[in-house]
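The values are calculated or read from the model by the stated rules, or taken from the named source; none is laboratory data. Bear in mind that the values here come from a model prediction, so they are computed numbers and not experimental data. Glycine also receives a Cβ, built like all others from the backbone with ideal geometry; neighbour counts cover every protein chain displayed. Accessible surface is based on the protein model in full, side chains and every heavy atom, while ligands, DNA and RNA are left aside. Shrake-Rupley method; radii C 1.70, N 1.55, O 1.52, S 1.80 Å.
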Amino acid sequence: MTNNSTEQDSKLLEEQILQNSNYSEQDQLLFKKAIELAKKTLADKKRLAGDSFFDHNLRVANYLQSIKSAPEVVAAGLVHAIIKYIPERELHDFFKERGKDILALVKGVEEITVIKNKNLKLTAEALRKILLTTIKDARIILIKLADKLDNLADVTVLSVDEQQRICQEILDMYAPLAYRLGVEKFKIQLEDLALKVLNPEEFNNISKFLEHSKQERDELISLLIQEIKTKLKSVDLKSVKGRSKHVYSIHKKIAERGVALEDHYDHLAIRIIVENERECYEVLGFLHEFHEILESRLKDYIANPKPNGYQSIHTGILFNNKRVEVQIRTQQMDEFAEEGLAAHWRYKGGKGEADFERRMGWLKGVLDLNQDSTAREFLEHVNVDLFTDEIYCYTPKGEVRYYPKGAGVLDFAYSIHEKVGSCAIGARVNGQFLPLRTKLKSGDVIEIITAKNQVPGRGWLKWVKSPRAKQKIRKALKEHKGLPAMRYSKFKPVIQTEYDTLVHSLKYENAACVLAKCCQPIPPQKIVGIVTKKRLISIHEVECRQAIKVQDRWETVEWKEQFNKALQFHVIAVERSGLLADLLHTIANAKFEVREAKAKVEGTGRNQCSFVIIPQSLNRIVELIDRVRKVKGVKKIFFE
């Protein structure tokens with residue numbers, strides 16, 4: 001690159017930064033001052049890549065503006081590293097009332113640089129200091145991530161070994177940090193640039209595959225977008241666009257699934273942006289009503305946000321015999337997904353504040369939990385908490401909890417309470433009795449079984465993944481040193497069904513209870529049980545004619561208060577456009593998470609909509625039934 005082209009690029013970048021419409025005139029005056037100081041101080045300081053540190057800082061600021069970072073963060077990006085050349089007081093006074101804030105950010109970035117220069121290999125102490133800096137002011141990490149992004153573009157000027165070390169560190173620390181802070185835009189770019197260096201052949205193969213299939217994908221997505229815009233008139237569609245999968249995510253799926261590149265189906269994807277939450281469910285209802293849906297692809301992160309604050313509805317449909325992944329979200333959800341922590345300054349108070357606390361909560365937890373741990377334990381714990389993929393499980397009351405991939409029953413037990421973990425003897429996982437060594441899968445509904453005389457055994461450490469559980473087990477082992485741990489390994493077999501029942505028998509605890517087809521009772525109706533010839537208990541409403549005929553065989557039964565598996569229910573309603581969408585929105589408003597949603601024609605002018613939901617308490621289910629009854633056209637509700 002010639003000096004002239006570098007100067008032209010710099011001038012263009014300066015113009016972009018100063019004319020960015022996301023910032024006020026006052027902000028742009030701040031940027032102008034920062035550019036003047038950076039140019040004066042850094043324009044003659046050269047980097048290994050041949051350009052100046054001023055050019056580098058302009059690009060860093062541009063990255064920060066791309067995620068709509070706060071104005072003082074952009075200004076700090078423009079002048080970061082400048083305190084090597086001018087006194088701190090001069091920088092502070094130069095920016096007047098904003099000087100204190102900008103100086104603190106610049107110093108924070110410099111602290112991380114110093115830590116890393118002293119510890120080229122990521123040590124426990126270095127990582128602890130970096131994470132502490134993040135907690136002190138998370139905006140510092142945003143600048144560091146932008147700095148890393150620009151440095152990656154020129155990483156090839158370094159030795160091969162140094163390139164490999166830096167790029168591996170990007171994947172090990174900086175990309176996961178970007179994910180945890182919700183900055184999807186930075187995470188994607190960091191991962192792709194690092195993979196390009198670490199595995200250029202794989203990167204090129206995937207890039208070529210995406211390039212060669214682009215026209216076919218674009219045409220198909222264009223047809224789907226056209227259909228949505230034409231048929232979905234009731235929704236204020238802000239944006240409907242195809243979105244390409246990034247190279248690293250495909251590489252990761254190939255490695256995890258062992259599936260050849262050409263056999264991957266989910267490279268077709270669209271994102272639909274709407275005005276509000278209700279419209280998210282309207283779009284979901286439309287897609288599920290008019291297209292064949294892909295099993296197990298529906299995930300409602302609006303009802304249950306990810307730990308990093310991410311919200312969206314994900315589903316999968318068949319369109320022209322191709323599988324398409326769909327994301328549905330509001331504009332604000334989209335900004336938080338793309339920009340993460342950087343968007344916080346625009347939404348202070350209310351949801352923005354809660355989202356910020358949620359994003360930072362995991363980090364505070366990591367450091368609090370590991371205050372007294374050894375260096376080895378700290379690295380192990382942070383690797384699990386920060387860098388391991390997650391699964392999610394549910395309590396019997398429908399509360400969602402997140403765990404590192406590979407977590408087991410004991411991880412769940414200790415997350416409920418230390419005493420629950422230490423007294424655990426097994427669990428009902430989706431209604432099935434299973435031992436403590438059982439590994440969990442996303443979507444499992446778990447109830448822990450305890451015994452007051454139980455004590456932890458040393459072998460338990462092999463069965464847990466989360467740092468919290470390991471720490472609590474080690475603590476308990478010290479307290480119970482010398483005491484043998486009780487062993488419970490055999491459980492009574494039970495009849496397995498895919499979904500939970502709403503009823504149980506007080507007299508026959510292990511008997512299967514089935515809701516009778518003749519009256520199809522629903523809570524809170526009064527019910528009775530009748531023992532059938534098949535040794536099942538058929539559940540009837542007390543006023544049911546069939547039940548009244550055999551009163552001598554009545555058994556006492558009750559509606560369950562909590563559940564071990566997902567519940568399935570059905571709604572018969574008058575056929576109309578938007579029915580499924582209205583029902584989905586009603587269920588979401590009742591704070592239930594929907595795992596599946598289907599609709600089919602049931603006779604003339606009738607539709608049957610079927611839902612699989614994550615269970616909550618009986619009272620909440622009764623409330624849900626009342627809400628669904630009020631939806632226009634609903635004639636009947638019944639459970640499996």
Keeping to segment 507-556, report how many residues are assigned to a loop (DSSP other than H, G, I, E, B), more than 21 Å from residue 616 (Cα to Cα) and of a type in the set (A, V, I, L, M). 5
Which condition number in (1) modelled with pLDDT under 55; (2) open to solvent by 30 Å² or more (accessible area, probe 1.4 Å); (3) assigned to a loop (DSSP other than H, G, I, E, B) is the one that residue 373 fails? (2)
Of the listed residues (38, 49), the one being touching a residue at least 40 places away in the same chain (Cβ under 8 Å), in contact with a Phe, Trp or Tyr (Cβ under 6 Å, 6 or more places away or on another chain) and either under 22 Å from residue 142 (Cα atoms) or in a loop (DSSP other than H, G, I, E, B) (or both) is 38
(1) modelled with pLDDT under 90; (2) open to solvent by 30 Å² or more (accessible area, probe 1.4 Å): which one isn't true of residue 240, the others all being true? (2)
Look at segment 599-615 and say how many of its residues are open to solvent by 80 Å² or more (accessible area, probe 1.4 Å) and assigned to a strand (DSSP E or B). 3
So in segment 429-446, with the set limited to residues that are surrounded by fewer than 19 Cβ atoms within 10 Å (Cβ to Cβ) and assigned to a strand (DSSP E or B), which one is modelled with the highest pLDDT? 439
Could you list, in sequence order, all residues of segment 586-623 that are touching a strand residue (DSSP E or B) at 6+ places or on another chain (Cβ under 9 Å) and closer than 22 Å to residue 446 by Cβ? 592, 593, 594, 595, 596, 611, 612, 613, 614, 615, 618, 621
Of all residues making up segment 588-598, the number that are open to solvent by less than 50 Å² (accessible area, probe 1.4 Å) and either at pLDDT below 85 or not aliphatic (A, V, I, L, M) (or both): 3
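Conditions tested, residue by residue: (1) part of a strand (DSSP E or B); (2) out of contact with any helix residue (DSSP H, G or I) (no Cβ under 6 Å at 6 or more places or on another chain); (3) touching a residue at least 12 places away in the same chain (Cβ under 8 Å); (4) not acidic (Asp, Glu).
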{"position": "569", "(1), (2), (3), (4)": "yes, yes, yes, yes"}
{"position": "573", "(1), (2), (3), (4)": "yes, no, yes, yes"}
{"position": "581", "(1), (2), (3), (4)": "no, no, yes, yes"}
{"position": "587", "(1), (2), (3), (4)": "no, yes, yes, yes"}
{"position": "591", "(1), (2), (3), (4)": "no, yes, yes, yes"}
So residue 22 fits all but one of (1) assigned to a loop (DSSP other than H, G, I, E, B); (2) out of contact with any Lys or Arg (no Cβ under 6 Å at 6 or more places or on another chain); (3) open to solvent by 10 Å² or more (accessible area, probe 1.4 Å); what number is the exception? (2)
Assess whether residue 524 counts as being closer than 26 Å to residue 566 by Cβ, modelled with pLDDT of 85 or more and not charged (D, E, K, R). yes
For segment 462-509, what are the residues that are open to solvent by less than 80 Å² (accessible area, probe 1.4 Å), of a type in the set (A, V, I, L, M), at pLDDT 75 or above and in contact with a strand residue (DSSP E or B) (Cβ under 8 Å, 6 or more places away or on another chain)? 464, 502, 503
How many residues are under 18 Å from residue 306 (Cα atoms), open to solvent by 30 Å² or more (accessible area, probe 1.4 Å) and in a strand (DSSP E or B) when one looks only at segment 401-428? 2
I need the full set of residues from segment 577-587 which are open to solvent by 10 Å² or more (accessible area, probe 1.4 Å) and modelled with pLDDT of 85 or more, in order please. 582, 585, 586
Residues in segment 122-151 that are modelled with pLDDT of 90 or more and open to solvent by less than 10 Å² (accessible area, probe 1.4 Å) total 5
Yes or no: residue 229 farther than 24 Å from residue 579 by Cβ and open to solvent by 40 Å² or more (accessible area, probe 1.4 Å)? no
Under 8 Å between Cβ atoms, at least 6 apart or on separate chains: pull out the pairs that start in segment 285-312 with a residue that is of a type in the set (A, V, I, L, M) and end on any residue that is part of a loop (DSSP other than H, G, I, E, B) and surrounded by fewer than 20 Cβ atoms within 10 Å (Cβ to Cβ). 303/591
Hey, can you tell me all the residues within segment 449-468 that are closer than 14 Å to residue 405 by Cα, touching a Leu at 6+ places or on another chain (Cβ under 8 Å) and either among the charged types (D, E, K, R) or free of Cβ contacts under 8 Å to residues at least 60 places away in the same chain (or both)? 463, 464
Of all residues in segment 200-226, count the ones that are within 28 Å of the chain's Cα centre (by Cα) and open to solvent by 60 Å² or more (accessible area, probe 1.4 Å). 3
Single match in 637, 572, 537 (criterion: of a type in the set (A, V, I, L, M, F, W, C), under 29 Å from residue 429 (Cβ atoms) and modelled with pLDDT of 90 or more): 637
Residues that are open to solvent by 70 Å² or more (accessible area, probe 1.4 Å) and more than 30 Å from the chain's Cα centre (by Cα), drawn from segment 627-639: 629, 630, 632, 635, 636
